[in-house]
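S.K.: Before I ask anything, here is the structure I am working with.
Only the coordinates and a few stated rules stand behind these numbers; no lab work does. Computed from a prediction, not measured in an experiment: that's the story for all the values here. Backbone-built Cβ (ideal geometry, glycine too); neighbour counts: all protein chains shown.
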Amino acid sequence: MDAVLNSLAGLSNFALYFAVSILLLFVFKIIYAFVTPHDEWALVKVHKNQAAAIGFGGAMIGFSIALASAVANSEFLIDFVIWGIVAIIAQSLAFALLRFTFMPKIADRIDKNEISAGTILAAVSISVGLLNAACMSY
């Protein structure tokens, strides 16, 4: 019985960090929608755009990887929130970097449902998330 109680002792911290993680994921979705020139939700939900789904899914995965590292490496909740904000900024910069340097027409290509553009966006987003996560493990 003691083992079960000891296991459940961290449940309140889990619930708190998980709730803040979901909140940060929602904030990321809103900020990412402002950074991108197209409405991912409309493209995916209304227009069934696979390129947008792939690109936005990759951005969410990349952000979540970085966020998971922030949880694992933070000592306090405020520390986690600060690094979560850093992850939001990094993912937003990843899209901007791709859009304004390597693929200036990526937004148009995603609007046209070009799977290759969505795939590259997802790959860049996940790569940035992995790098971000590694850099948070100082």
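S.K.: Could you give the longest part of the chain that holds none of the trypsin sites (Lys or Arg not before Pro) found in DSSP loops with at most 14 neighbouring Cβ atoms within 10 Å?
M.R.: 49-104
S.K.: Among the chymotrypsin sites (Phe, Trp or Tyr not before Pro) in region 54-114, which ones are in a DSSP loop with at most 10 other Cβ atoms within 10 Å of the Cβ? Mind listing them?
M.R.: F76
S.K.: Restricted to Cα positions, what overall size does the chain have along the principal axes? Three whole-Å values, descending.
M.R.: Here the spans come out as 58, 33, 21 Å, largest first.
S.K.: Quickly estimate the mean residue ellipticity at 222 nm for the chain, helices only: each DSSP H run with n ≥ 4 gives -39500 (n - 2.57), and the total goes over all residues, rounded to 500.
M.R.: -26500 deg cm²/dmol
S.K.: Also: Between 0 and 90 degrees, rounded to the nearest ten: what's the tilt of helix 77-97 against the longest Cα principal axis of the chain?
M.R.: Long axis of 77-97 versus the principal axis of the chain: about 10 degrees.
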